[in-house]
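The values are calculated or read from the model by the stated rules, or taken from the named source; none is laboratory data. From a predicted model like this one, the values you see are computed outputs, not experimental measurements. Positions of Cβ are backbone-derived with ideal geometry, glycine not excepted, and every protein chain shown enters the neighbour counts.
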Amino acid sequence: MKERQLDFHDERPRDMEAYLAHIQARRHPIGLLLDHIDDAQNLGALFRLADAARLAHIWTYGPPMRVEDSRKFRRISRGGYLYVPSSGIALEDIPQLKKDWQLTALEPTNRSIPYTEFQPSGPCILVAGNEKDGVSEELLALCEHSIHIPMYGANTSMNVAMAAAIAVYNLLEKAGKV
């Protein structure tokens, strides 16, 4: 039987400001574009993921959620929203992102490939869609690639935060960061 960890050894330096500056200077070239994510729990989990994976940025597309009013969001993000650069974005501003980033939808489509087969050619923004409707048609039209996570059970989809975590860590592994 494996022994349980009884205490936590915090390896962060005592100078938190220097540590945060270190993180900011070494963000991975992966971002998230969240398309109409309207569940505070999912949004919190996505910010927590972005902090854990040291992602470059989160862009939110759609009506802004008043996250400062949501205890669920704050609790689930574990403060990730304080550390991850983020901003809202309008549809007309997304083509500007494409000059420096590869837009990749995390959405099953007739042109999507399994996430394990995708090899980004540069900085990548993973576009994750609404919990019910997925990635919107207007954003799908702007994506150069579409990837999906194969489903082997009765359901045809999985939670957006869980799916994003799988895809993000796969991208980090391909970039040699894991």
Q. Restricting the search to the stretch 72-96, which residues are under 21 Å from GLU144 (Cα atoms) and touching a residue at least 40 places away in the same chain (Cβ under 8 Å)?
A. ILE89, LEU91, ILE94, PRO95
(Q) I need every pair where a residue in the stretch 40-58 that is farther than 10 Å from ARG78 by Cβ has its Cβ under 7 Å from the Cβ of a residue that is among the aromatic types (Phe, Trp, Tyr) and assigned to a helix (DSSP H, G or I), sequence separation at least 6 or different chains. (A) ALA40/PHE73; LEU43/PHE73; ALA53/TYR169; ILE58/PHE47
Q: Could you check how many residues of the stretch 143-153 are loosely packed, with under 13 Cβ neighbours inside 10 Å and either within 21 Å of GLY176 (Cα to Cα) or of a type in the set (A, V, I, L, M) (or both)?
A: 1
(Q) From the list LEU43, LEU49, exactly one residue is within 19 Å of GLY176 (Cα to Cα), assigned to a helix (DSSP H, G or I) and at pLDDT 85 or above. Which is it? (A) LEU49
Q.
Kindly evaluate TYR169 against the criterion of being aromatic (Phe, Trp, Tyr) and free of Cβ contacts under 8 Å to residues at least 24 places away in the same chain.
A. no
Q: For the stretch 63-142, please list each of the helices (runs of 4 or more DSSP H) lying entirely inside it that holds at least 2 residues being exposed (fewer than 14 other Cβ atoms within 10 Å of the Cβ), within 14 Å of the chain's Cα centre (by Cα) and at pLDDT 95 or above.
A: none
